[in-house]
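The values are calculated or read from the model by the stated rules, or taken from the named source; none is laboratory data. Every value quoted in this text rests on a predicted model; they were computed, and no experiment measured them. With ideal geometry, Cβ positions are generated from the backbone for all residues, glycine too; neighbour counts draw on all protein chains shown. Just the protein is used for accessible areas: all its heavy atoms, side chains included, with ligands, DNA and RNA removed. Shrake-Rupley method; radii C 1.70, N 1.55, O 1.52, S 1.80 Å.
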Amino acid sequence: MATAAEEEAAAAAREPACRPAAGPALLCLPEELLLLIFSYLDMQALGRLAQVCRWLRRFTSCDLLWRRIARASLNSGFTRLGTDLMASVPVKERVKVSQNWRLGRCREGILLKWRCSQMPWMQLEGDSLYISQANFILAYQFRPDGASLNRRPLGVFAGHDEDVCHFVLANSHIISAGGDGKIGIHKIHSTFTVKYSAHVQEVNCVDCKGGIIVSGSRDRTAKVWPLASGRLGQCLHTIQTEDRVWSIAISPLLSSFVTGTACCGHFSPLRIWDLNSGQLMTHLGSDFPPGAGVLDVMYESPSTLLSCGYDTYVRYWDLRASARKCVMEWEEPHDSTLYCLQTDGNHLLATGSSYYGVVRLWDRRQRACLHAFPLTSTPLSSPVYCLRFTTRHLYAALSYNLRVLDFQNP
């Protein structure tokens, strides 16, 4: 069944492209001037203008008129610097869906279920979803609506003796971290799989960029490895973090990486290390209470990053301003541990809490939570172990199932 947006696009395609022969003097102006005038209108005014006639309906659907509005909207596919991540989708259509994110209008569904309690991790790439279940990673293909999956997996990636704790996608590879202390390298489009012993205890986190792998473990070390086929398993650096490592991320500049630790010592749980030498460069923050471990951390740009964890705060760090204090923070209102976070690179922030599968949406321009979605009931209370979203859907991995929030067709 065609969606309202598809029906509107089809109707617009059937409409004449020429201007009306008679009408107000405004329509006689050159299109360049009309674009300039209309660029000052807000979303409601553009919508009313589109109802005047068929030609104006088509003209006001121009991406140039909606780009400014989209950049100020939630999760419209534009980054903070204005980069369009979804150039193939009309901007007006994305702004419409963005209003559902702002108002919290969505339809909830279940994509996958499993019988035993899991601690799943997932990644999205194109029209595919990769999710860990026990010691496997399974790849599924989305159906065209994005709110359902083809039930038969595209691929199954095995190799660990214990549960997969974390994995990332890089250079057509899956790099996985296991509870068996090993790192697995799987080629996505072939049967090639290699695993090697990396740590003496479980590998809690891993990241890969620019042909370099970094891993963090419960054994209180972080290690740097090459991804090159002839050098797999050759450790480049071993960093003694003196604390259990829960999260790790490589800088976009490939010059450093950050570790998030359990905060059981007398030092910050967020520290940045030089990727080439393994030496400590700086630590972030100075007022973390004991036990305020960092469970998720991500770079948003070479100089900005986000972190969350046991102390119930999401913190936004700008290394250009100060490494001692974050520039913005958001507190989980029910004092729950924050297991994971995700951002659209602009205004939207999503977090997953430790109780009742609560997913929260935040507008980063304000401190209060925008919307909360409890995805489990009391008997099956579960943390949100991982979440990912597109401009149309949000996916949350819980202990017993994978949930979807459909913002395109609420």
(message) Compute the distance from the alpha-carbon center of segment 337-379 to that of segment 44-118, in whole Å.
(response) 20 Å
(request) Assign one of three labels to segment 358-397, namely rounded, prolate or oblate, based on the Cα gyration tensor with a ≥ b ≥ c the square roots of its eigenvalues; rounded applies when a/c is under 1.5, prolate when it is not and a/b is larger than b/c, and oblate otherwise. (result) oblate
(request) Lys and Arg at +1, Asp and Glu at -1: add these up for the other residues within a Cβ distance under 15 Å of A139 and post the number. (result) +3
(request) Roll a 1.4 angstrom probe over the protein heavy atoms and tell me the percent of accessible area of segment 120-200 that is carbon or sulfur. (result) 49 percent
(request) State log₁₀ I(q)/I(0) for segment 187-262 at q = 0.13 Å⁻¹ as given by the Debye formula over alpha-carbon point scatterers of equal weight, solvent excluded. (result) -0.38
(request) Give a quick list of trypsin sites (Lys or Arg not before Pro) in segment 82-180 that DSSP marks as loop, anything other than H, G, I, E or B, with at most 16 other Cβ atoms within 10 Å. (result) R105, R115, R151
(message) Straight-line reach from K209: which aspartates and glutamates fall under 20 Å, measuring Cα to Cα and dropping same-chain residues less than 8 apart?
(response) E125, D274, D296, E300, D344
(request) Write down Rg/Rh for segment 295-334, rounded to two decimals, with Rg from the C-alpha atoms and Rh from the Kirkwood relation over Cα pairs. (result) 0.98
(message) Give me, ordered by chain and number, the residues 5 or more places off Y356 or on other chains with an amide H under 5 Å from its own placed amide H.
(response) S382
(message) Within 15 Å, Cβ to Cβ, of L65, how many net charges do the neighbouring residues add up to if Lys/Arg are +1 and Asp/Glu are -1?
(response) +3
(request) Past 25 Å, Cα to Cα, is the threshold; run K96/K325; K195/K223; K113/K195 against it and keep the listed order. (result) K96/K325; K113/K195
(request) First compute the accessible area of segment 225-330 with a 1.4 Å probe, then give the percent of it belonging to carbon and sulfur atoms. (result) 51 percent
(message) When 1/r is averaged over all different Cα pairs and the result inverted, which Kirkwood radius in Å belongs to segment 332-408?
(response) 12.4 Å
(message) Can you tell me the mean projection area, over all orientations, of the convex hull of the chain's alpha carbons? Units nm², please.
(response) 22.2 nm²
(message) Under 10 °C and 1.306 mPa s, how fast does segment 75-229 diffuse according to Stokes-Einstein, given a Kirkwood radius computed over C-alpha pairs? Answer in µm²/s, whole number.
(response) 91 µm²/s
(request) Hey, can you find the accessible area per residue of the chain for me, probe 1.4 Å, expressed in square angstrom? (result) 46 Å²
(request) Just read off the accessible area of F157 with the full protein assembly in place, 1.4 Å probe, to the nearest 10 Å². (result) 20 Å²
(request) Just the ratio, please: alpha-carbon radius of gyration of segment 256-359 over 2.2 N^0.38 Å, N its number of residues. (result) 1.04
